[in-house]
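The values are calculated or read from the model by the stated rules, or taken from the named source; none is laboratory data. Everything numeric here is computed off the predicted structure, so don't read it as measured data. Virtual Cβ from ideal backbone geometry, glycine too; neighbours counted across all protein chains shown. Each accessible area value is taken on the protein alone, full model and side chains, heavy atoms only, with ligands, DNA and RNA left out. Shrake-Rupley method; radii C 1.70, N 1.55, O 1.52, S 1.80 Å.
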Amino acid sequence: MAFTNPTNEERRQILEDAKTIAVVGLSNKPERTSYMVSQAMQSKGYKIIPVNPTIEEALGEKAIGSLSELQEPVDIVNVFRRSEEVGPVVEEAIQIKPKVIWMQQGVYNEEAARKAQEAGITVVMDQCIKVDHAILVRK
């Protein structure tokens, strides 16, 4: 069975309910897409947790090296990794049980999505969270 994303209404609900987003692959360089998208989400009131072992901090938040280092629950794990690198990220995410794993635009891994869904986690693939927020959420 082919993967299908949650509907616009379901994605709107995800974004309205979420408070905390762990961003895997968040760069501390302002010109990078991961930084721009995360900064936009932070400006909308979301708590951003940078997950990147190569940086100290981003957007004024202390970075952690991996999802397993999280000290608090997160609603969304937003993934800025190449599609072929998503598998291990999803495996780790399943252990922390976020409500949603959100793979950014251009990130698509059906096998990883299936594993997450089997673990009871909602998956969004190949969608920009910032664009969805701008289109779907009226706040």
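Side notes on the structure shown:
- For the peptides 58-64, 128-134, the ranking by mean Cβ contacts within 10 Å, running from highest to lowest, is 128-134, 58-64.
- Computed with a 1.4 Å probe over protein heavy atoms only, the accessible surface of the chain comes to 54 Å² per residue.
- Based on DSSP H segments of at least four residues, each scored -39500 (n - 2.57), the chain has a per-residue ellipticity at 222 nm of -10500 deg cm²/dmol.
- The accessible area of residue 12, taken with all protein chains in place and a 1.4 Å probe, comes to roughly 50 Å².
- Among 77, 60, 117 - extreme Cα towards positive end, dipole of segment 8-136, charges at beta-carbon: 60
- The C-alpha atoms of the chain occupy a region whose extents along the principal axes are 41, 34, 26 Å, arranged from largest to smallest.
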